[in-house]
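The structure under discussion appears below in the form of structure tokens.
The values are calculated or read from the model by the stated rules, or taken from the named source; none is laboratory data. As the structure is a prediction and not an experimental result, all values here were calculated from the model. All Cβ positions, glycine included, derive from the backbone under ideal geometry; neighbour counts span all protein chains shown.
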Amino acid sequence: MADWQGYTLTKKGQALSAKVEAGLCKLELTKMKLGDGAITSEQTLEGLTDLVSPKQIITISSISVDAGRCIVEGVVSNANLDYGYTLRELGLYATDPDDGEILYAVTVDSHPDYLQAKGGVTVVSEALNLTIQISSDSSVTAVIDPNGLLTARDLADHNSSGEAHKVLFDACIKNASISGKQITFTKGDGTTINLTTQDTTYETMTGASASKAGTAGLVPTPAAGKQGAFLRGDGTWAAISTMTGASASASGTSGLVPQPAAGSQGKYLRADGTWQTPPDNDTKYSTFVRSGGSAAAGLVPKPPTTAGATKYLREDGTWSVPPDNNTTYGVVSASANGLMTPAMLSKLNDAGAHGTVVASHYGVNGYRKWSDGFIEQWGTVDPAQFPSAGQPVTFPIAFTSTPKVMGMINQNTNSTSQSDLITTSLNIYATTSNMIAHIYSGVSNTKLKFDWIAVGY
């Protein structure tokens with residue numbers, strides 16, 4: 001039968017044991033169960049409320065208490081067992097005054113036996129004992145099944161009966177005799193079985209060669225002194241040699257690993273057959289060195305606690321705040337790039353509304369004519385001396401109507417004082433030219449230069 005070692009109180013068993021020790025009730029044992037289940041990784045013996053896979057109920061035949069121990073006895077039999085099972089788990093049940101019948105204790109067997117079903121040549125009927133610890137000899141009782149007691153008594157009568165297992169004994173060999181090559185076996189019922197032996201001669205094995213297979217047979221006799229040799233496939237006993245290591249000019253040979261000396265537990269076996277300490281190939285890195293004659297690669301220097309995420313690593317190895325390199329742009333002018341004003345954007349949008357350019361000339365004096373007839377023209381006036389009546393301007397191409405807008409930009413670089421500031425006026429005479437008149441306030445300039453622009457249809 002299985003060998004049950006120790007037991008585990010379930011959580012409900014622990015609660016009942018506490019009640020018994022407190023004197024609130026007695027430990028009333030009711031029955032035992034056997035099963036073939038095994039707990040899963042999510043289960044514990046303490047958490048069970050019943051066996052994982054109960055197969056058979058074992059009634060309690062008797063209990064005996066002594067010195068804080070209680071031996072619970074039952075009888076295990078396969079007389080009424082329809083299906084055999086493996087005896088993996090054993091449970092002891094008791095009555096809780098609050099919860100009724102509970103699984104009190106459980107034990108398992110890691111090397112279980114198998115209990116075969118009824119109807120076989122072997123009838124199993126054996127006592128099952130489970131010992132548990134109790135608080136006092138008077139604190140435990142049991143529900144005794146008379147059938148269990150009868151079974152134990154019947155078992156004793158059965159064992160002392162001369163007719164017990166008669167069928168088995170009749171089939172057993174009671175005597176054997178040998179006459180020549182014939183062996184005669186006599187069974188318990190008086191019948192005999194004759195067996196004639198045959199001599200078989202076995203040859204010694206023959207070893208294999210490079211071109212021929214060997215044959216099966218007895219192991220060849222090893223000679224004295226070959227106790228450390230091994231049998232080779234060619235049928236010879238050969239010594240086991242230690243490997244020889246390789247060199248730069250010669251290959252090694254196979255064999256046993258050479259014996260490591262004491263203290264070599266941290267060494268490794270090299271191909272040259274020696275035990276060596278692994279080399280220290282760890283690489284140590286220093287912090288990088290900035291550019292220059294001693295520049296060197298290396299680790300990034302440790303950022304200070306104040307660096308945070310707002311600083312960057314400079315080439316000189318310092319953590320610095322990024323410089324403010326934002327560029328501020330003014331409004332565009334004739335001589336400098338810049339931003340576009342809303343008015344300029346409006347004019348640009350208006351220019352886009354005129355369609356596509358159908359004719360153009362881009363020069364100092366030039367024009368651009370759009371598909372809807374709109375014309376933009378520009379030029380420079382740079383006379384040696386502005387006429388007092390005004391300087392006429394000739395458009396590169398003629399407007400079909402009088403220009404609506406004309407502007408000038410003073411490029412005079414010959415002014416020597418604020419008195420040389422001038423005012424301008426436009427006198428439009430025709431679609432092909434107009435007059436630029438100047439009213440001077442101060443000394444007349446001898447040389448004036450103006451850029452002009454005109455738009456219209």
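Within segment 20-30, the set of residues being of a type in the set (Val, Ile, Thr) and in a helix (DSSP H, G or I) comprises just one member, VAL20.
Do you know which residues across segment 54-71 are of a type outside the set (Ser, Thr, Tyr) and under 25 Å from LYS118 (Cα atoms)?
Those that are of a type outside the set (Ser, Thr, Tyr) and under 25 Å from LYS118 (Cα atoms): PRO54, LYS55, GLN56, ILE57, ILE58, ILE60.
Kindly provide the set of residues from segment 166-198 that are closer than 30 Å to VAL123 by Cβ and either within 60 Å of the chain's Cα centre (by Cα) or among the basic types (Lys, Arg) (or both), ordered by number. Within segment 166-198, LYS166, LYS174, LYS187 qualify.
When you look at SER64, is it closer than 21 Å to LYS26 by Cβ, surrounded by fewer than 20 Cβ atoms within 10 Å (Cβ to Cβ) and without any contact (Cβ under 8 Å) to a residue 60 or more places away in the chain, yes or no? So SER64 passes the test. Taking the criterion of being under 38 Å from the mean Cα position of the chain (by Cα), exposed (fewer than 11 other Cβ atoms within 10 Å of the Cβ) and either of a type in the set (A, V, I, L, M) or closer than 30 Å to THR242 by Cα (or both), the residues of segment 297-328 that qualify are ALA297, LEU299, VAL300, ALA309.
Within segment 247-274, restricting attention to residues that are hydroxyl-bearing (Ser, Thr, Tyr) and surrounded by 10 or more Cβ atoms within 10 Å (Cβ to Cβ), the residue that is nearest to GLY317 (Cα to Cα) is TYR268. With the checklist (1) touching a Gly at 6+ places or on another chain (Cβ under 9 Å); (2) surrounded by fewer than 10 Cβ atoms within 10 Å (Cβ to Cβ); (3) more than 30 Å from THR253 (Cα to Cα) in hand, flag the one item THR277 doesn't pass. Single failed check for THR277: (3).
Which residue, of ASP50, ASP113, ASP99, is in contact (Cβ under 8 Å) with a residue 24 or more places away in the chain, charged (D, E, K, R), surrounded by fewer than 16 Cβ atoms within 10 Å (Cβ to Cβ) and closer than 22 Å to LEU24 by Cα?
Details: ASP50 fails: closer than 22 Å to LEU24 by Cα; ASP113 fails: closer than 22 Å to LEU24 by Cα.
Checking each option against the conditions leaves just ASP99.
Across segment 80-100, the number of residues qualifying as assigned to a strand (DSSP E or B) and aliphatic (A, V, I, L, M) comes to 3. Out of curiosity, is LYS311 closer than 30 Å to THR283 by Cβ and either of a type in the set (Asp, Glu) or at pLDDT below 85 (or both)? Here the answer is yes, as LYS311 does meet what is asked. Annotation: of all residues in segment 200-246 being basic (Lys, Arg) and surrounded by 11 or more Cβ atoms within 10 Å (Cβ to Cβ), the one that is modelled with the lowest pLDDT is LYS226. Filtering segment 96-117 to residues that are among the charged types (D, E, K, R) and closer than 18 Å to GLU21 by Cα leaves ASP96, ASP98, ASP99.
Sort out which residues of segment 361-380 are modelled with pLDDT under 90, part of a strand (DSSP E or B) and among the small types (Gly, Ala, Ser), and write them in order of number. GLY379 - this is the single residue of segment 361-380 that is modelled with pLDDT under 90, part of a strand (DSSP E or B) and among the small types (Gly, Ala, Ser). If you check THR10 against the conditions, is it touching a Ser or Thr at 6+ places or on another chain (Cβ under 9 Å) and in contact (Cβ under 8 Å) with a residue 12 or more places away in the chain? Criteria met by THR10.
For segment 4-19, how many residues are part of a loop (DSSP other than H, G, I, E, B), surrounded by 15 or more Cβ atoms within 10 Å (Cβ to Cβ) and either in contact with a helix residue (DSSP H, G or I) (Cβ under 8 Å, 6 or more places away or on another chain) or among the polar types (S, T, N, Q) (or both)? Residues that pass the stated criteria total 1. Restricting the search to segment 101-132, which residues are of a type in the set (Gly, Ala, Ser), under 17 Å from ALA79 (Cα atoms) and part of a loop (DSSP other than H, G, I, E, B)? Once the filter is applied, which keeps residues that are of a type in the set (Gly, Ala, Ser), under 17 Å from ALA79 (Cα atoms) and part of a loop (DSSP other than H, G, I, E, B), segment 101-132 yields ALA117, GLY119, GLY120. Restricting ALA164, ALA94, ALA117, ALA171 to residues that are at pLDDT below 85 and either touching a His at 6+ places or on another chain (Cβ under 8 Å) or closer than 22 Å to LEU34 by Cβ (or both) narrows the list to ALA164. Evaluated against (1) part of a loop (DSSP other than H, G, I, E, B); (2) modelled with pLDDT under 85; (3) not acidic (Asp, Glu), MET344 falls short on exactly one condition, (1).
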